[in-house]
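The values are calculated or read from the model by the stated rules, or taken from the named source; none is laboratory data. Quick caveat: nothing in here was measured; it's all calculated off a predicted structure. All Cβ positions, glycine included, derive from the backbone under ideal geometry; neighbour counts span all protein chains shown. The protein model used for the area step is the full one, side chains on, heavy atoms only, and it has no ligands, DNA or RNA in it. Shrake-Rupley method; radii C 1.70, N 1.55, O 1.52, S 1.80 Å.
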Amino acid sequence: MSSAHDGRYPTTTALVYERAMTPPIFVGAPLTLHDLVAVARHRVPVALDGDARARMVAARSAIDAIAGGEIDAPRVYGVNTGFGALAETRISPADVRTLQHNLLRSHSCGVGAPLPTDAVRAMMLLRAHVLALGHSGVRPCVVETLLAMLARGVHPVIPSQGSVGASGDLAPLAHLACVLIGEGEAEHEGAVLPGAEALRRAGILALSLEAKEGLSLINGTQLILAVGGLALHDAESLATHADIAGAMSLEALKGSGVPFEERVVAARPHPGALATARNLRALLVRSEIAESHKHCGKVQDPYSLRCMPQVHGASRDAFAWAREVLSREMNSVTDNPLVFATEAGADVVSGGNFHGQPLALALDLVAMAAAELANISERRVEQLVNPALSSGLPPFLAPHTGLDSGFMIAQVTAAALVTENKVLCHPASVDSIPSSAGREDHVSMGATSATKAARVVANARMGIAIEMLVAAQGLDVRAPLRAGAGVAAAHEALRERVPTLTGDRALAPDMRVIESMICDGAVRAAAERAVDALD
């Protein structure tokens with residue numbers, strides 16, 4: 001094991017500025033979802049806010065007084081008592097350090113595939129931030145060690161299963177925290193190493209935990225919030241890409257843009273519907289295809305085309321509500337017990353801020369809202385490939401009908417993803433299994449809400465990619481007529497990476513390419529270069 005930390009540490013600011021001179025994000029100051037993504041995926045540096053240090057020192061003084069027996073203190077959970085159902089068991093001052101290390105070891109019971117690196121980094125940022133808010137009673141060096149790990153790329157290996165979202169994400173956070181004390185496993189520079197070796201290679205000293213610090217590292221909702229926050233960010237981006245895909249399909253199917261007129265949607269003014277309608281109007285401007293069938297006599301399009309503002313918009317509104325919930329949680333103290341330090345003294349109070357129910361409900365909704373984007377998208381794919389519905393497009397958009405199957409199985413894959421999402425959308429937040437000998441008699445299952453939301457969003461993203469692939473072929477068939485400016489720009493961007501289907505080929509690589517273009521924003525960026533910025 002690495003040498004134990006003595007409580008002194010080089011300034012975190014010096015560590016993070018070893019990277020590019022990007023302004024750091026400060027823990028202990030308000031964080032946003034944008035900050036979470038920046039640190040998790042783009043390695044933006046992180047530092048400890050100056051005011052946070054003073055708050056942490058004040059709260060720590062109260063814990064030291066209780067743990068050291070300097071005051072005649074009652075039992076204080078996790079400071080001089082055991083944990084969970086053992087909360088009534090008093091711990092002597094001589095054993096408080098051992099108690100904290102044993103807590104991390106005993107709670108490292110996670111199973112399943114390891115979380116991806118971006119989720120691990122998000123968890124590290126969020127845990128450091130909670131501690132830096134100054135109500136946990138840990139020393140500043142605990143936060144500084146977490147930030148040093150972020151800066152040096154020491155990423156704990158955290159199993160994705162094992163949390164019921166009750167006293168927070170205990171097992172996953174224990175796997176994270178074990179690396180701080182030189183135990184567990186961590187990934188560093190592409191290799192999975194024992195925690196002590198990863199710290200040694202990164203030049204970081206392991207911590208020797210003091211009273212309450214182990215408990216403060218694992219009490220909270222950071223897995224739920226990290227995985228769920230990244231999923232929500234991706235879902236919000238996907239809503240705009242669903243508008244682009246839908247506009248492409250509308251043009252390929254010779255659909256009408258009239259239902260998207262502002263006066264129509266404003267008569268039922270849900271914010272999400274208004275935003276989607278604005279996007280569709282922008283994407284369809286100056287459409288030669290629309291002009292070509294302006295007087296065709298068709299009265300109404302199918303719902304999957306006509307009701308895009310109402311369906312996509314409802315998902316947008318759901319994401320907006322979830323963002324409010326997650327943003328509040330991001331800047332909340334989810335530890336237990338909480339330390340409230342003032343000049344006159346300090347109170348240490350047990351509560352339930354670690355319970356994951358607010359996030360569980362929100363992330364179940366995120367999953368349902370993302371699933372609906374894929375659900376309606378698959379129906380548009382069916383419109384494109386079904387010759388009875390496709391306004392004259394070739395059956396399955398096959399270049400040679402009969403000889404080629406075209407996009408027949410692309411639609412089948414989209415249907416499979418939609419069906420899987422329906423299963424995953426059963427809400428985890430309505431379930432509860434008591435734990436800890438009945439002390440934790442209601443749990444949120446929020447970690448399940450988060451991980452399945454992430455999976456639903458990933459499935460929906462591939463579903464939207466499939467729609468873009470199929471709709472692009474439909475637009476090729478409509479040539480030389482040109483689609484609306486935004487649709488045409490998106491189509492051209494796709495064709496730079498994925499060629500027109502001229503004969504059957506494996507489509508899975510094409511689908512993955514388009515999915516990557518959704519992830520990196522290339523499709524949206526192309527559309528926005530041709531029209532105003534999209535919502």
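Key figures
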read-out	value
Antiparallel %, DSSP beta bridges [both residues in the chain], to 5	70
At q = 0.13 Å⁻¹, base-10 log of I(q)/I(0) for the chain (Debye sum, equal scatterers on each alpha carbon)	-1.14
Straight-distance crosslink candidates among lysines, where the alpha carbon sits under 28 Å from Lys452 and sequence neighbours closer than 8 are dropped	Lys422
Region 34-55 versus region 490-535: alpha-carbon centroid distance in Å	33
Centre separation in Å (Cα based) which lies between region 235-261 and region 357-376	21
Amide H partners (placed H, <5 Å) of Glu440, local residues excluded	Ser435
Accessible surface ranking that places the most exposed of Val164, Val96 first, with a 1.4 angstrom probe	Val164, Val96
Accessible surface, the chain, averaged per residue in Å² (probe 1.4 Å)	39
Degrees, to the nearest 10: 408-424 long Cα axis against longest axis of the chain	30
Surface share of carbon and sulfur [accessible, 1.4 angstrom probe, percent] for the chain	56
Per-pair calculated FRET efficiency, R0 = 30 Å: Asp441 and Val111 via Cβ, rounded to 0.05	0.80
Projected label distance in nm at Arg455 and Ala54, using a 7 Å step from Cα toward the beta-carbon	4.8
Where Ser160, Ser444, Ser350 fall by accessible area, highest first, once all protein chains stay in place (1.4 Å)	Ser350, Ser160, Ser444
Mean Cβ neighbour count within 10 Å, used as a protection proxy, ranking 447-454, 521-528 highest first	447-454, 521-528
Area accessible to solvent at Leu115, 1.4 Å probe radius, in Å²	20
Compactness relative to 2.2 N^0.38 Å, alpha carbon Rg of region 199-307	1.88
Cα gyration tensor category, rounded, prolate or oblate, for region 253-381 with a/c compared to 1.5	prolate
Environment charge at Ile218 (Cβ cut-off 14 Å; Lys +1, Arg +1, Asp -1, Glu -1)	-2
Straight-distance crosslink candidates among lysines, where the alpha carbon sits under 23 Å from Lys254 and sequence neighbours closer than 8 are dropped	Lys294, Lys298
P(r), alpha carbons of region 448-535 - 5 Å bins starting at zero, rounded %	3, 14, 22, 23, 18, 11, 6, 3, 1, 0
Qualifying GluC sites (Glu not before Pro) for region 213-301 [loop in DSSP, other Cβ within 10 Å: at most 15]	Glu261
